[in-house]
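Novice: Below you'll find the structure I mean.
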Amino acid sequence: MDPESLPLLILVPIGLVGAAFCVWVIRQVRSEGDDVDQRVMQWVKQMGLHTQPRSAGFPDAGSLVASGKLLGQELRVEIGPGRQGTVAVHTSPPGGFPVPMRVAPEGFAATLWKTVSHADINVGDDAFDALVVVAGEDVPGIVGLLDAETRSLMIELVGAQGWTIDQSGMHSDANLLTLSELDELTASISRAAGLTDRLTREGTTERRLIENLFAESKESVRSKNLDMLLTLPQTQAVRDALGQVPSLQSWDMTIRAGEALGEWGIQMLAEAALSAPTPLGLRAVRALGATSGAAAPSAIRAALVRPENEVVLAGVEALGKMRDTGSVDALSDLLLGARDADVRLAAACALGRTGTPAARRSLLKALENTETEVRCAAIAALGECGTVDDILALIDIEYGEQPELRPRARQAIAAIRERTGKVGQGMLSLADSAAAGGALSIASSVAEGALSVEPERRVQPTVREPQTEKE
């Protein structure tokens, strides 16, 4: 045998085998295609759908259109030319969905859509939010519809199989090249009908959000439903639901519900102010300070025992703004005993705003404190609430041994004098100068003939000789 003919002898049989295999594959594909054609028609009949020629308004005139009811939902199936290739499926309820929305799978197109329109509603479910893009104007209504069961169906249909949803219904495209794909289409349409039932179920947005708030297992989803619930008018049903939020054992949601309830949420905020972690406890104290309820001051006072200075400081400032006279004892204890200087200064300021005799006594006692900052705060507070009885103590400081305190004492005295008015003859005066002779004054300078309690008289009375009558 010629060695040069050996490769040819090997290649020819291989080529013949390859050609035979290609012919076999083509026949199998054609056979399978014929089987698919028959299966499609059989499937249409089994589903109770009715076939009709595609109208002129559709592309690919002459293709098959099947429509009818499936599982209680209107179904339209469009099958491409030769009933092989693309199959477009559309399911829709009568009149469309009650809450308009657009739903699509995540992808390049969806990302571009979100970037341009800034439309993407997150429900707090990471798995769902990563696979499905949801948009619409009625955000509370949409979030209320997306309960756990609805999200699960959407993940299967939209996230995994590429279905889309709009106001008219749900849509999908499929390639029916195998019998298994037709079976999968049947299962998908069944799930689509179930999802349509979920999206058209009866109930108001308020009712759905309340149900989701207590039925969801994920705190992030519950939190989103609470956010949406707080945007609705506060009906009795909403207030009742907010009152039950502490049962969810989330300090964050408890505080948000308490803030929304206002006076009705004081007890919820009080528990958070006393026991929640520092940032949330601080938020609860501030929320109580913004509440007008009569029980708010006592709730804040209860939180003053917390060890965190920032929480205590917020509570003291809130009590000062409230001018709560029932907090004088607690503020006095902090003024004289708190370790944090900012807390002591805030306590002095709060006492000055209350203006009660007990508050003034605490401030006068604080004038004897060894810390200059505390004494300065007490002096300023006395300037706000002090009376005539407190002036003598301030004068002692004005002429005392600490020069840095003297101007503050003078300012406090001036503030007290401003509240009591000017001096006149025969009047008790706290004015800067007892300009009228014969006035009782504790001013820093007195006029001729005035009675002064300052350390040193700067004006001496003039002795006048008696006049004799002219003859």
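Novice: Scan segment 220-236 residue by residue and report those that are within 14 Å of the chain's Cα centre (by Cα), surrounded by 14 or more Cβ atoms within 10 Å (Cβ to Cβ) and more than 13 Å from ARG151 (Cβ to Cβ).
Specialist: ARG222, SER223, LEU226, ASP227, MET228, LEU229, LEU230
Novice: Scan ARG191, ARG201 and give me the residue that is assigned to a loop (DSSP other than H, G, I, E, B) and under 28 Å from GLN46 (Cα atoms).
Specialist: ARG201
Novice: Tell me, please, whether a residue that is within 34 Å of the chain's Cα centre (by Cα) and more than 15 Å from GLU373 (Cβ to Cβ) can be found in segment 329-341.
Specialist: yes
Novice: Out of all the residues in segment 357-386, which are of a type in the set (Val, Ile, Thr) and modelled with pLDDT under 90?
Specialist: Within segment 357-386, THR370, THR372, VAL374 qualify.
Novice: Same structure again: Go through (1) under 15 Å from ARG102 (Cα atoms); (2) in contact (Cβ under 8 Å) with a residue 12 or more places away in the chain; (3) in a helix (DSSP H, G or I) for ASP129 and report which single condition fails.
Specialist: Failed condition: (2).
Novice: Still on this model: Can you say whether ARG361 is assigned to a helix (DSSP H, G or I) and crowded, with 21+ Cβ neighbours inside 10 Å, as far as the supplied structure shows?
Specialist: no
Novice: Now, a different point. Is one or more of the residues making up segment 141-155 under 30 Å from LYS69 (Cβ atoms), out of contact with any Cys (no Cβ under 8 Å at 6 or more places or on another chain), of a type in the set (Lys, Arg) and part of a helix (DSSP H, G or I)?
Specialist: yes
Novice: Can we say THR150 is touching a helix residue (DSSP H, G or I) at 6+ places or on another chain (Cβ under 6 Å) and among the polar types (S, T, N, Q)?
Specialist: It is true that THR150 is touching a helix residue (DSSP H, G or I) at 6+ places or on another chain (Cβ under 6 Å) and among the polar types (S, T, N, Q).
Novice: Would you check which residues across segment 275-329 are out of contact with any helix residue (DSSP H, G or I) (no Cβ under 7 Å at 6 or more places or on another chain), within 18 Å of GLY265 (Cβ to Cβ) and part of a loop (DSSP other than H, G, I, E, B) and list them?
Specialist: Selection gives ALA290, ALA294.
Novice: Among all residue pairs at least 6 apart or on different chains, which show Cβ distances below 8 Å where the first residue, located in segment 139-162, is on the phi < 0 side of the Ramachandran plot and the second is of a type in the set (Ser, Thr, Tyr) and assigned to a helix (DSSP H, G or I)?
Specialist: PRO140/THR205; GLY141/THR205; GLY144/THR205; LEU157/SER188; GLN161/SER188
The values are calculated or read from the model by the stated rules, or taken from the named source; none is laboratory data. Not measured: the values here are computed from a predicted model. In this analysis, Cβ positions are derived from the backbone assuming ideal geometry, glycine residues included, and neighbour counts consider all displayed protein chains.
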